[in-house]
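Take a look at the structure below.
The values are calculated or read from the model by the stated rules, or taken from the named source; none is laboratory data. Bear in mind the structure is a predicted one, so any value in this text is a computation, not a measurement. Cβ atoms come from the backbone with ideal geometry, glycine included; neighbour counts cover every protein chain shown.
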């Protein structure tokens with residue numbers, strides 16, 4: 001996998017794409033959640049602070065939140081995902097991205113885990 | 001914190017990949033590798049096997065025979081026990097002096113006595129209640145040497161009849177004892193999923209062997225507590241401690257159908273159960289609030305504790321969701337909760353407050369999906 005993907009301790013993946021950061025959840029997180037039945041996305045244009053609850057995701061079992069990994073602005077959300085939440089289980093690292101955000105300083109991404117570090121983190 | 005108990009099938013669950021969680025003092029399977037959604041859908045399409053051995057199995061007997069025994073139990077439940085024929089079962093509730101519900105249960109006329117199945121979380125209190133309230137001639141025995149399984153779904157009969165051919169003759173709410181190869185099976189044609197199916201009490205020592213035989217059948221998958229909850233929710237069935245409890249009367253809880261005429265005002269054995277004054281009065285005059293089915297508009301599941309309001313901007317909360325989630329067969333969120341009786345008619349629109357936003361919810365008849373009991 002490309003080196004420009006990073007992972008948070010909240011089991012999100014962050015991928016740089018055209019000066020934006022694309023955010024989704026990892027396969028590990030998707031498996032833990034179980035069958036996802038509902039995804040509520042933020043409004044495009046929302047300014048968020050790190051750790052704000054920006055996405056609500058619900059499985060048949062429970063509700064959980066996806067936190068903003070960094071300060072920034074939500075510039076695009078994955079609308080089709082809200083119509084087909086099951087995609088989170090089918091393709092968590094691909095089609096099932098949640099939002100793209102613009103951040104001030106791309107170097108902030110360096111603080112997150114690499115793929116190898118994340119693999120160690122989840123054991 | 002007391003040690004969690006295990007059912008006779010604990011190792012069996014683990015060996016089949018179950019995720020075990022604490023539930024009502026037991027370590028129970030919440031799901032298997034199939035996952036809640038597929039387990040739910042499989043039960044509706046074929047057959048699902050559930051371990052419900054954590055539930056309480058209780059035998060009541062009396063040297064004075066069935067009628068005296070039935071009348072004794074009728075002093076604690078507002079249902080017709082005397083009229084229950086041998087080999088038949090019915091739903092009942094234990095009420096308290098203020099007309100609330102202590103537990104819900106299944107009552108079977110086992111010929112030699114009454115066989116009760118009560119909720120796991122209530123069984124200690126239920127047995128203490130029986131001991132305190134029933135006359136001395138009634139012997140109360142908790143059955144601890146038998147496991148309890150549920151096999152539910154349209155192909156449950158096909159599967160179970162390979163082991164116990166006689167089950168094809170059973171109708172909904174029949175409850176019988178059948179001996180096969182010297183093993184006594186206590187089988188009722190009932191369950192808590194809205195599907196045809198069976199609840200099966202077997203000697204604890206046979207539980208693994210019988211479960212392995214069932215799960216080896218093509219039709220049968222193991223089903224955990226997660227799907228058990230979504231199945232019963234779609235079926236519109238109450239979960240004790242959530243949808244009904246000591247603060248809800250059977251009329252409020254919308255389970256007045258469980259109170260036969262003979263125990264109601266003007267019936268031959270009118271009243272004579274705890275809280276009869278309030279319950280009989282509510283049967284006649286109605287209650288102020290009622291448990292209803294609720295269909296959230298949109299896709300957001302609404303769970304237990306979600307407050308309900310009459311309008312988008314009213315400040316006064318009028319009710320609350322007591323059970324809710326996503327209904328895999330309905331393919332939409334479903335819920336139940338309490339509303340003032342004047343707002344309990346099907347089609348009424350109310351609002352639920354979810355994450356600070358009011359969202360419309362429609363009062364809907366239950367079950368959310370037609371039940372397929374074999375009557």
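List the strands (runs of 3 or more DSSP E) inside segment B:310-364, counting only whole elements, that have at least 2 residues being within 24 Å of the chain's Cα centre (by Cα).
Qualifying strands (runs of 3 or more DSSP E): B:317-327, B:332-340, B:357-364.
Give the residues of segment B:2-23 that are assigned to a loop (DSSP other than H, G, I, E, B), farther than 18 Å from residue B:56 by Cβ and touching a strand residue (DSSP E or B) at 6+ places or on another chain (Cβ under 6 Å), sorted by residue number.
Selection gives B:16, B:18.
Considering B:303, B:264, B:299, which residue is within 14 Å of another protein chain (Cβ to nearest Cβ) and in contact with a helix residue (DSSP H, G or I) (Cβ under 9 Å, 6 or more places away or on another chain)?
Among B:303, B:264, B:299, only B:299 is within 14 Å of another protein chain (Cβ to nearest Cβ) and in contact with a helix residue (DSSP H, G or I) (Cβ under 9 Å, 6 or more places away or on another chain).
For residues that are part of a loop (DSSP other than H, G, I, E, B) and farther than 18 Å from residue A:44 by Cα, scanning just segment A:62-94, find the one that is farthest from the chain's Cα centre (by Cα).
Among residues in segment A:62-94 that are part of a loop (DSSP other than H, G, I, E, B) and farther than 18 Å from residue A:44 by Cα, the one farthest from the chain's Cα centre (by Cα) is A:62.
Within the set of pairs 6+ apart or on separate chains, which have a first residue in segment B:154-170 that is without any contact (Cβ under 8 Å) to a residue 12 or more places away in the chain, a second that is part of a loop (DSSP other than H, G, I, E, B), and C-beta atoms under 8 Å apart?
Pairs found: B:168/B:161.
Give the residue that is farthest from the other protein chains (Cβ to nearest Cβ), with candidates limited to residues of segment B:26-42 that are in a helix (DSSP H, G or I) and touching a helix residue (DSSP H, G or I) at 6+ places or on another chain (Cβ under 6 Å).
By that ranking, first place goes to B:39.
For residue B:282, state whether it is modelled with pLDDT of 95 or more, away from chain A (no Cβ under 14 Å) and surrounded by fewer than 18 Cβ atoms within 10 Å (Cβ to Cβ).
No; evaluated as a whole, the condition is false for this residue.
Contact list please: Cβ distance under 6 Å, first residue in segment B:1-19 and in the same structural domain as residue B:36 (by TED's automatic domain parsing) and touching a residue at least 40 places away in the same chain (Cβ under 8 Å), second residue part of a loop (DSSP other than H, G, I, E, B) and surrounded by fewer than 20 Cβ atoms within 10 Å (Cβ to Cβ), pairs at least six apart or on different chains.
Between residues of segment B:1-19 that are in the same structural domain as residue B:36 (by TED's automatic domain parsing) and touching a residue at least 40 places away in the same chain (Cβ under 8 Å) and residues that are part of a loop (DSSP other than H, G, I, E, B) and surrounded by fewer than 20 Cβ atoms within 10 Å (Cβ to Cβ), the close pairs are B:5/B:25.
Could you tell me which residue of segment A:39-61 is nearest to the chain's Cα centre (by Cα), considering only residues that are over 16 Å from residue B:357 (Cα atoms) and facing chain B (nearest Cβ under 8 Å)?
A:58
One residue is enough: does segment B:314-325 have a residue meeting the conditions farther than 30 Å from residue B:47 by Cα, assigned by TED's automatic domain parsing to the domain that holds residue B:366 and touching a helix residue (DSSP H, G or I) at 6+ places or on another chain (Cβ under 9 Å)?
Scanning segment B:314-325 turns up at least one residue that is farther than 30 Å from residue B:47 by Cα, assigned by TED's automatic domain parsing to the domain that holds residue B:366 and touching a helix residue (DSSP H, G or I) at 6+ places or on another chain (Cβ under 9 Å).
Which of the strands (runs of 3 or more DSSP E) found entirely inside segment B:114-197 contain at least 1 residues meeting this: buried (at least 20 other Cβ atoms within 10 Å of the Cβ) and either in contact with a helix residue (DSSP H, G or I) (Cβ under 7 Å, 6 or more places away or on another chain) or not assigned by TED's automatic domain parsing to the domain that holds residue B:238 (or both)?
B:114-118, B:146-152, B:183-188
Give me the pairs, please: first residue somewhere in segment B:353-375 and free of Cβ contacts under 8 Å to residues at least 60 places away in the same chain, second residue anywhere and surrounded by fewer than 18 Cβ atoms within 10 Å (Cβ to Cβ) and not in a strand (DSSP E or B), beta-carbon distance under 6 Å, and either six or more positions apart or on two chains.
If the second residue must be surrounded by fewer than 18 Cβ atoms within 10 Å (Cβ to Cβ) and not in a strand (DSSP E or B), the pairs left are B:358/B:312.
Go through (1) away from chain B (no Cβ under 14 Å); (2) in a loop (DSSP other than H, G, I, E, B); (3) loosely packed, with under 13 Cβ neighbours inside 10 Å; (4) in contact (Cβ under 8 Å) with a residue 24 or more places away in the chain for residue A:117 and report which single condition fails.
Result: residue A:117 passes all but (2).
Return yes or no: is residue B:55 in contact with a strand residue (DSSP E or B) (Cβ under 6 Å, 6 or more places away or on another chain) and farther than 27 Å from residue B:215 by Cα?
no
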